[in-house]
Amino acid sequence: MTAKASPKTPPETYFAGAYWGARKESPEECARRTAEFLALLAPSDPFLSQWYLPTRSSRESREYPLMPPDVPMLTEQFQLGVNREKGGPVIESLGFGFWFGNGGRDYDRASLRIYSGGYSEAGSNSCVLTLPTPGRSLNAERVITAPVLTGVVRSMALAWDPEWAVAMSHAHRDLEDEKGKADIWLGWMTYLSRQRGTVPPLPAPVRIEPVEDKGSLIILTPERFTAANPEHIALARRVRELLARAGLMQPATP
């Protein structure tokens with residue numbers, strides 16, 4: 001089921017993300033979840049085991065490591081990432097933001113962008129991991145595989161306790177968005193909290209794995225899922241239809 005892309009076709013780029021609704025948490029609570037996530041993520045692959053504070057210069061980035069995770073340092077970073085209007089007071093209900101990377105450059109890097117602690121009905125919380133570019137990074141060929149990304153999404157589910165999480169390509173996400181931005185995305189890997197319901201039996205080669213007592217992880221294909229492969233897209237649409245019938249693909253909580 002693997003499709004060969006034309007040499008002139010830009011490579012599909014991938015990301016993993018966890019998403020949840022309003023949840024009031026302090027900067028320290030956000031830091032503790034981040035520390036847990038980084039510790040769980042590290043065994044997935046060496047490329048995802050080193051992280052650094054953002055700096056103005058890429059040459060200096062590796063001078064400020066975040067590993068092993070230090071909760072007081074992370075707490076300070078979330079405090080610095082508080083939302084406020086320019087020159088105005090802190091907007092506590094919008095939570096805190098923190099961005100950092102793994103020290104890579106150009107196409108061979110990963111970055112994490114976290115928004116947590118928000119409890120405004122107008123906003124949401126998320127943890128999004130941007131991955132290196134296939135075809136332009138040797139690390140990408142190893143990282144963008146089912147075993148590694150299954151570990152990534154599982155780590156997100158355990159640390160952040162999200163409503164849902166995915167690993168997928170941006171091209172596939174764009175196809176999913178055509179169905180309505182209020183829906184959740186169905187990715188190559190999709191985690192659904194047990195609060196959304198019970199995952200029904202799904203057709204081969206789809207695999208369903210429990211994530212402790214939190215929810216279920218759905219893996220569509222053992223090989224790399226691409227939006228350029230019509231068989232992959234047909235499978236994703238069939239699985240989405242079955243999940244929708246089971247009431248699992250309703251719009252996420254605001």
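Can you find even one residue in region 211-222 that is over 27 Å from GLY21 (Cα atoms), touching a residue at least 60 places away in the same chain (Cβ under 8 Å) and not basic (Lys, Arg)? Yes, the conditions are met somewhere in region 211-222.
Identify, from the list ASN102, ASN139, ASN125, the residue that is more than 15 Å from the chain's Cα centre (by Cα), of a type in the set (S, T, N, Q) and under 26 Å from PHE78 (Cα atoms).
Numbers: ASN139 fails: under 26 Å from PHE78 (Cα atoms); ASN125 fails: more than 15 Å from the chain's Cα centre (by Cα).
Going through ASN102, ASN139, ASN125 in turn, just one is more than 15 Å from the chain's Cα centre (by Cα), of a type in the set (S, T, N, Q) and under 26 Å from PHE78 (Cα atoms): ASN102.
Counting only helices (runs of 4 or more DSSP H) that fall entirely inside region 94-202 and contain at least 1 residues that are of a type in the set (Val, Ile, Thr) and at pLDDT 95 or above, the qualifying elements are 138-143, 146-160.
Starting from region 20-45, keep only residues that are touching a residue at least 24 places away in the same chain (Cβ under 8 Å) and surrounded by 18 or more Cβ atoms within 10 Å (Cβ to Cβ), then list their pairs with residues that are charged (D, E, K, R) and not in a helix (DSSP H, G or I) whose Cβ atoms are within a distance under 8 Å, requiring at least 6 positions of separation or different chains. Final answer for the pair search is TRP20/ASP161; TRP20/GLU163; ARG33/GLU25; ALA35/ASP70. Among the residues of region 135-150, those identified as of a type outside the set (S, T, N, Q) and crowded, with 20+ Cβ neighbours inside 10 Å are ALA140, VAL143, ILE144, LEU149. For ALA236, state whether it is within 19 Å of PHE15 (Cβ to Cβ), small (Gly, Ala, Ser), in contact with a His (Cβ under 8 Å, 6 or more places away or on another chain) and not in a strand (DSSP E or B). When the stated conditions are applied, ALA236 passes them. Among the residues of region 239-254, those identified as of a type outside the set (A, V, I, L, M, F, W, C) and assigned to a helix (DSSP H, G or I) are ARG240, GLU241, ARG245. Screening PRO132 against (1) crowded, with 21+ Cβ neighbours inside 10 Å; (2) under 21 Å from SER216 (Cβ atoms) leaves a single unmet condition, (2). Of all residues assigned to region 191-207, none qualifies as being within 18 Å of the chain's Cα centre (by Cα), buried (at least 18 other Cβ atoms within 10 Å of the Cβ) and β-branched (Val, Ile, Thr).
The values are calculated or read from the model by the stated rules, or taken from the named source; none is laboratory data. Keep in mind it's a predicted model, so treat the numbers as computed, not measured. Methodologically, a virtual Cβ is constructed for each residue, glycine included, from the backbone with ideal geometry; neighbour enumeration extends over all protein chains shown.
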